[in-house]
Structures are given as structure tokens and as C-alpha cells.
Amino acid sequence: DAGITQSPRHKVTETGTPVTLRCHQTENHRYMYWYRQDPGHGLRLIHYSYGVKDTDKGEVSDGYSVSRSKTEDFLLTLESATSSQTSVYFCAISEGGNSGNTIYFGEGSWLTVV
Amino acid sequence: QKEVEQDPGPLSVPEGAIVSLNCTYSNSAFQYFMWYRQYSRKGPELLMYTYSSGNKEDGRFTAQVDKSSKYISLFIRDSQPSDSATYLCAISNQGGKLIFGQGTELSVKP
């Protein structure tokens, strides 16, 4: 258990509504990530954070925003959900640094946009 | 061309077989190589981690890296039904972000 809690674990929402996914860690790791996983695409990085209030975009950031006001919490927001954002979302954490980037994943949040 | 290519399978083998899972990558700057195992409806879990060419063994699992060919492999000896999962390779450069392969779905039949 990597000490990562994602909430909600499952959500169905309507197109155009805002959605926020929460990731909470108990490891005090500096780096936190949001990935999405889709058939045929594997895991793709949406956004990541390298410290409180320090965030950056990943390869599929359009339509998503993030915030990190505390070391332990990293929020992913879909401002206006679209059907293309139906996916499984994984939060991940790592100590980061220059020794390789071993990351540990949460259990996932299943989001369906109808 | 994707930076990391992995055959998605599915791969089905009988119990006790030796399994070979493979990935190729395009950028010689990558230095760190990982294999993750993901059970159905679960998060990926780190299985093997290596940062050099050669072999690394952990029980029934062996990770192999050939930097000259930009090729990484995961071997599973004496495969068990409990090994049935999706296996993802992941690579990164120093201080960089991980790039994942698509994942190979493995089924080990009793």
C-alpha cells in the first residue's frame, strides 16, 4: 500500500458539468501526478506537481486543471466534462529527484461522462 | 512513432510456462527502466526497477535491458495463474517523467 487515497473511486456525471478528483497521500512525497488510462493508449500524464503550488502540464492536459495547496493533496478538475474524458484516472506519487523516477500509484478513479 | 512500443497482446500461456514480455524504445537518453504489474481494476504496482544494461533477477522475475538495441524484457519463470495481469514497461531519463508502454495483457491458464 503506497499510502495514496483517491476519491471518488467511481463517478458518473453529465456532459458540461465540473468534476473534481482528489488525491491524498500520507508519504510526504514531493511529486504527485495525475494520469489517465485508456485502451490503446496506456497511461498518459495529464499534470504533475513538484511541490506546493508548483504544477506543470503533461502530454494530455487540455481540458484539465490541477491545484496543490498542501503537500498531501493534489486535485484534478475537469471544468466542463466531455465524453472524451471518460476514463480511469490514476494518481501517483514519487520522491522525485535525479535518481530515476520510481512512482507509486493509487487505486484509480473511474469516471463516466454521459 | 511512439517513444515506447509494447505489444498489447493478449498473451495466453499454460501454467508453468516461461513468459517473455518486451518493449522497445527510441531515445537512447533513457536510463531508467521499470516494469509494472496491473491487476484488473487496480492501480499499477512496481515490479522491477533497473538503470543499467544487463539482467536483474527477483524470484521468478528477470528484467533484462539491452541499451545498444533499445530493448527491454521481462521474463517470468514457472508462470502461475496469479501472474495473470497487464504488464507495463516504463522508461525515463534522469530527473524526467516516466513514459509508459501500452501494456501487455497476460493470462496464465491452470
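The values are calculated or read from the model by the stated rules, or taken from the named source; none is laboratory data. Predicted, not measured: the structure shown is a model, and the values here were computed from it. For neighbour counting, all protein chains shown are included, and Cβ atoms are generated from backbone atoms with ideal geometry for every residue, glycine included. Side chains included, ligands, DNA and RNA excluded: accessible areas come from the protein's heavy atoms. Shrake-Rupley method; radii C 1.70, N 1.55, O 1.52, S 1.80 Å.
Pairs of lysine in chain B with Cα under 19 Å and at least 8 positions apart or on different chains: total?
Total qualifying Lys-Lys pairs in chain B comes to 7.
Once phi is turned into θ = phi - 60°, what whole-Hz ³J(HN,Hα) does the Karplus curve with 6.51, -1.76 and 1.60 give for every residue of segment A:34-43, x standing for Gly and Pro?
Per-residue couplings from phi come out as 10, 10, 10, 10, 9, x, x, 10, x, 8 Hz.
What is the percent carbon and sulfur in the accessible area of chain A, measuring with a 1.4 Å probe over the protein chains and ignoring ligands? The partial results should precede the final answer.
Working: 2400 of 5280 Å².
That share works out to 45 percent.
If you wrap a convex hull around the alpha carbons of chain B, what volume per residue comes out, as a whole number of Å³? Write out the running numbers ahead of the final one.
On the way: hull volume 10.6 nm³, N = 110.
About 96 Å³ per residue, rounded to a whole number.
Which is farthest toward the positive dipole end of segment B:37-110 among B:PRO110, B:ILE72, B:GLY59, measuring Cα position about the Cα centre, with Cβ charges +1 (Lys, Arg) and -1 (Asp, Glu)?
So the residue furthest toward the plus end is B:ILE72.
Out of residues 5 or more away from B:LEU106 or on other chains, whose amide H comes under 5 Å of its own, with H placed 1.01 Å from N in the peptide plane?
Counting only residues 5 or more places away or on other chains, the set is B:LEU11, B:ALA85, B:THR86, B:TYR87.
Where the centre of each part is set by its Cα atoms, how far does segment B:66-104 sit from segment A:39-114, in angstrom?
21 Å
What is the pair-distance distribution P(r) of the protein assembly as shown, computed from all Cα-Cα distances in 10 Å bins starting at 0, with each bin given as a whole percent?
8, 33, 35, 20, 5, 0
Taking the dipole about the Cα centre of chain A, with the C-beta of Lys and Arg at +1 and of Asp and Glu at -1, give me whichever of A:THR15, A:ILE93, A:HIS47 is farthest to the positive side.
A:THR15
Are there residues in segment B:42-78 whose accessible area shrinks by at least 30 Å² when all protein chains are included rather than the chain by itself, and which are they (probe 1.4 Å, ligands and nucleic acids not counted)?
B:LYS42, B:GLY43, B:PRO44, B:LEU46, B:TYR49
Direction-averaged shadow area of the convex hull around the Cα atoms of segment B:25-64, nm²?
Values: hull surface 14.5 nm².
Mean shadow area of the hull around the Cα atoms is 3.6 nm².
Specify the residue with the greatest mean-square fluctuation among B:ILE76, B:ILE18, B:ILE91, computed from a Gaussian network of chain B linking alpha-carbon atoms under 10 Å apart.
Of B:ILE76, B:ILE18, B:ILE91, the Gaussian network model singles out B:ILE18 as fluctuating most.
Quote the relative contact order of segment A:1-91 in percent (integer), defining contacts as alpha-carbon pairs under 8 Å separated by 6+ residues. Walk me through the numbers before you get to the answer.
Details: 188 pairs, mean separation 30.4, N = 91.
Result for segment A:1-91 is 33 percent.
Please report, in debye to the nearest 20, how large the charge dipole of segment A:21-64 is about its Cα centre when each Lys and Arg carries +1 at its beta carbon and each Asp and Glu carries -1 there. Don't jump to the answer; show the numbers that get you there.
Details: 6 positive and 6 negative charges, 22 e Å.
For this selection, approximately 100 debye.
If you place +1 on the Cβ of every Lys and Arg, -1 on the Cβ of every Asp and Glu, and leave all else neutral, what size is the dipole of chain B about its Cα centre, to the nearest 20 Debye? Numbers along the way, then the final one.
Values: 11 positive and 11 negative charges, 43 e Å.
So the magnitude is around 200 debye.
Taking amide H positions as placed in the peptide plane 1.01 Å from N, state which residues far from B:GLU15 in sequence (5 or more) or on other chains have amide H under 5 Å from it.
Amide H to amide H, under 5 Å and 5 or more residues apart or across chains, B:GLU15 pairs with B:LYS109.
If one computes P(r) from the Cα atoms of chain A, what percent of pairs lie at distances over 24 Å?
Working: 1153 of 6441 pairs.
For chain A, the fraction of Cα-Cα distances above 24 Å is 18 percent.
If you roll a 1.4 angstrom probe over the protein chains with everything in place, what fraction of the accessible area of segment B:1-78 belongs to carbon and sulfur, to the nearest %? Before the final figure, lay out each step's value.
Numbers: 1960 of 4200 Å².
Answer for segment B:1-78: carbon and sulfur cover 47 percent of the accessible area.
Say we join alpha carbon atoms closer than 10 Å with springs in a Gaussian network model of chain A; which of A:GLY40, A:GLY58, A:GLY16 then has the biggest fluctuation?
Highest fluctuation of the listed residues: A:GLY40.
Kindly compute the accessible surface that chains B and A hide from a 1.4 Å probe when together, both sides summed, and give it to the nearest 100 Å².
Counting protein atoms only, the buried area is about 1700 Å².
Any idea of the accessible area per residue across segment A:31-114, 1.4 Å probe, to the nearest Å²?
Ligands and nucleic acids excluded, the figure is 40 Å² per residue.
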